[in-house]
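A short write-up of the structure that comes next.
The values are calculated or read from the model by the stated rules, or taken from the named source; none is laboratory data. Here the structure is a predicted model, which means the values were calculated and not measured. Cβ sites come from the backbone with ideal geometry, for glycine too, and all protein chains shown count toward neighbours. We work out accessible area using only protein heavy atoms, side chains counted, and drop any ligands, DNA or RNA first. Shrake-Rupley method; radii C 1.70, N 1.55, O 1.52, S 1.80 Å.
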Amino acid sequence: MTEPNNVCVLVVQIPGADRIAEALEPTEARRALERCMHRIDLAIEAHGGTAERRADAGVCASFRHGDAAVLAICEMFDRVQSLPPLRGLRMTISVGLHCGTGAEDAERGATRLAETAKPGHALASEAVVTQLSATGRQFVATSPSRNPALAGLGWTAFAVARQPAAASTPVDKPVEPRVRIRHGQDTLFVDHARPVVLLGRELGNDIVIADPRASRQHARIERRRDGFVLIDQSTNGTFLADDSGKESCIKGAELVLAGSGRIGCGFSANEVERELVFVDIV
């Protein structure tokens, strides 16, 4: 749990859970909620959060830093939004984020914000926003929310967006670089709209590595203000080889991506493997 004097708590709720339970068969409804909760869990774990309490249609998690919590919110919205609709019903979540003087205080504030936020939206308290770095601040609205339901809280709250807040764009704005990731028949991009891609053996990852040497949540590729990094969080390490065959291995560390290359999750990237992941900056 986070230090008592700086507790940052995130509360996620699935506001349409009752409607889904009524519209679907019990088994189908349960699986739909489990899939949604699994994607929420992945986003929390990917950004260093700790699930403190769980329910069938919600979770309370603590974070050491507000920046990590904001990035987790952006990622979980992307993951939940990508779930296919069931009988015309699409899964949505509401999120609240608050920093308090203790765990109970922080959780109460985050719960109030989650209950106030509209489905598909997230609210962060001013106590969180004032602590954010420039990286986290770009995903938060520049002005407080005008939701009248916030009036009784005694403090202001800001909407958290899945993409950086809009700014004035010059006419000749250069094209921002992005990382193209290829694995088998799949191609994904890491860019401002999708700042994180997860690799691992577990089915909930963006790139699923069907090799026993890969960890369930093996590695991630993350976009940052100064470039792109490969971050290992595995047991057997992550290998990165460039086009010349020169290879680096990281374990519990990160490596800046440059140019093109290939990634081996738990095995050498110079092996002839169908589970290799190919990356290049385009």
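List of remarks:
- Given charges at beta-carbon only (K, R positive; D, E negative), |dipole| of the stretch 1-77 in Debye: 20 debye
- Summarising the label geometry, the points placed 7 Å from Cα in the beta-carbon direction at Glu176 and Glu52 lie 3.2 nm from one another.
- Estimated 222 nm signal from helices in the chain, with DSSP H stretches of n ≥ 4 weighted -39500 (n - 2.57), rounded to 500: -7000 deg cm²/dmol
- Sites matching trypsin sites (Lys or Arg not before Pro) across the stretch 197-282 that sit in DSSP coil, with at most 10 neighbouring C-beta atoms within 10 Å: Arg225, Lys246, Arg274
- Fluctuation leader among Arg19, Arg194, Arg108 - the chain, Gaussian network, Cα springs under 10 angstrom: Arg19
- Rounded to the nearest 20, the size of the Cβ-charge dipole of the chain about its Cα centre is 480 debye, with Lys and Arg at +1 and Asp and Glu at -1.
- Bridge type composition, the stretch 49-204 - antiparallel percent by DSSP, nearest 5: 85 percent
- With every protein chain in place and a 1.4 angstrom probe, the accessible-area ranking of Arg182, Arg39, Arg54, largest first, reads Arg54, Arg182, Arg39.
- Across the alpha-carbon set of the stretch 1-86, the Rg to Rh ratio works out to 1.02, Rh being the Kirkwood radius.
- For the peptides 65-71, 29-35, the ranking by packing is 65-71, 29-35, with the highest mean count of neighbouring Cβ atoms within 10 Å listed first.
- Gain on full stretching of the segment that runs from Asp211 to Asp186 - 0.36 nm per residue minus C-alpha separation: 7.3 nm
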